[in-house]
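Let me begin by presenting the structure, written as structure tokens, before commenting on it.
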Amino acid sequence: MRSLVAGNWKMNGLAASLAELTSLKAALAAKAPVCEVLMCPPFTLLAQAAWTVKDAFALGGQDCSPKDGGAFTGDISAAMLKDAGASTVIVGHSERRQYHGERDGDVAAKVQAAWRAGLNAIICVGETESQRDAGEAHGICTSQLEAGVPAGATAENTAIAYEPVWAIGTGKTPTAADIVAMHGHIRSCLVRRLGEGARQMRILYGGSVKPDNAAEILNLPEVNGALVGGASLKCADFLGIIAAVKPA
Ligand code: PGA
């Protein structure tokens, strides 16, 4: 399985930021990465980004509607993302859950909408700090996976991102042992639900991945890549993370 390093610009990036993607394209052309690379800019930049990067690396959206189209003002369908040049969409990010009240049922419906449009889904799961302190981290992720990952998920159409909410944008990360334990737990849940094929499904880690901790995190057992927020905004930082992935 090839690792995946995915960037998520969140609500950052104007037209001038496309220069970062141009630099990334040039750097990846000069030195082919060991891993697959995906960048998820805001919707407004997606089509321009696709034009800029051509096929140098993959592009994705940060969310999509569970509906295929119609009178849903302000929403973006998976087909629109695909049409703009995306291959993938992030679904169920904790910021969507926190600020938009998304629940696991919404996440599952969005994942199915993504598949209908021919997109792959990155489904985010993860516990809050108080849930971890209460010893509920594994149980929370189990229930998010059971209700948020629809039947029909395969290693080809879906990846999971384990993102402890308390590690996102905070500079804090779990210990290596905690990451290994959680990724192993997620793997068992996936295999139990989806069968042996789920051993090939990527499980990404996300939450304060930076160039200086990437080598340690990305080469842990059952860590098949990273979902990177802040450190994906600057090409040099993102490249530092990509370079930390060792060949399988
Ligand atoms: P961060 O964000 O890398 O800025 O912590 C990760 C994420 O939210 O995907």
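The values are calculated or read from the model by the stated rules, or taken from the named source; none is laboratory data. Please read all numbers here as calculations on a predicted model, not as lab measurements. When we count neighbours, we look across all protein chains shown, and the Cβ atoms used for this are built from the backbone with ideal geometry, even at glycine. Quick note on the areas: whole protein, heavy atoms, side chains included, nothing else; ligands and nucleic acids left out. Shrake-Rupley method; radii C 1.70, N 1.55, O 1.52, S 1.80 Å.
Structure data summary
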{"item": "For the chain: relative contact order, % (alpha-carbon pairs under 8 angstrom, 6 or more apart)", "result": "21 percent"}
{"item": "Per residue, in Å², the accessible surface of segment 33-159 once ligands and nucleic acids are set aside, probe 1.4 Å", "result": "45 Å²"}
{"item": "Where Cα atoms sit under 16 Å apart: lysine pairs in the chain separated by 8 or more or lying on different chains", "result": "11"}
{"item": "Low-density loop cleavage sites - GluC sites (Glu not before Pro) in segment 128-214, where at most 13 other Cβ are within 10 Å (DSSP)", "result": "Glu156"}
{"item": "Calculated from backbone phi, Karplus (6.51, -1.76, 1.60) coupling profile of segment 156-164 in Hz, x at Gly/Pro", "result": "7, 9, 8, 10, 10, 10, 8, 10, x"}
{"item": "Nitroxide proxy distance, nm - points 7 Å out along Cα→Cβ at Asp55 and Glu136", "result": "4.7 nm"}
{"item": "Residue-span extension gain [Arg199 to Arg2] - 0.36 nm each, minus C-alpha spacing", "result": "69.6 nm"}
{"item": "FRET efficiency, 1/(1 + (r/R0)^6) with R0 22 Å, evaluated for Asp83 and Ser17 via beta carbons", "result": "0.55"}
{"item": "For the chain, built as a Gaussian network whose Cα springs stay under 10 Å, the top-fluctuating residue of Ala30, Ala50, Ala19", "result": "Ala30"}
{"item": "Contour excess over end-to-end distance, with Cα ends at Lys172 and Ala30 and 0.36 nm allotted per residue", "result": "47.8 nm"}
{"item": "Descending semi-axes in Å of the chain, equivalent ellipsoid built from Cα gyration tensor", "result": "25, 22, 17"}
{"item": "For segment 197-239 versus segment 131-148, the gap between their alpha-carbon centres in whole angstrom", "result": "21 Å"}
{"item": "Under the span-like rule (Cα at least 24 Å along the axis, Kyte-Doolittle mean at least 0.0), DSSP H helices of the chain", "result": "176-194"}
{"item": "Cα-centre dipole for segment 36-103 with unit charges at Cβ (Lys and Arg positive, Asp and Glu negative), debye to 20", "result": "100 debye"}
{"item": "Nonlocal amide H pairs with Ala121, under 5 Å, H built at 1.01 Å", "result": "Val89, Thr158, Ala159"}
{"item": "Trypsin sites (Lys or Arg not before Pro) within segment 148-248: DSSP coil, no more than 15 neighbouring Cβ in 10 Å", "result": "Lys172, Lys234"}
